[in-house]
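Just so it is clear, none of the values below were taken in a lab; they were calculated from the coordinates. No experiment lies behind these values; they were computed from the predicted model shown. For neighbour counting, all protein chains shown are included, and Cβ atoms are generated from backbone atoms with ideal geometry for every residue, glycine included.
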Amino acid sequence: AAEAPAPAPAPAVQPADIQNHPEGNYTVEAGDTLSKIAAEHGTTWQRIHEDNEGVIDDADLIYTGQVILVNGS
């Protein structure tokens, strides 16, 4: 039987926006989803996705260890 391909690694380069906003940085943990992160920070998954244009290309695909910008309410 063929083996499943290994998951792609998280992007190595973060946009300047994230580097310039350390207070809003969030490091994705195992089991996180944008919806879960949004609920914990008083925002929406859509807002997180918009704020991370170029970092999160697919809202259904985030990586453990990935650093994203999260602006709460």
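Counting only other residues whose beta carbon sits under 13 Å from that of THR44, what net charge do I get with K and R as +1, D and E as -1? Net charge in that neighbourhood comes out at -1. Counting 0.36 nm for each residue step from GLU40 to ASN71 and taking away their Cα separation leaves a gain of 10.1 nm.
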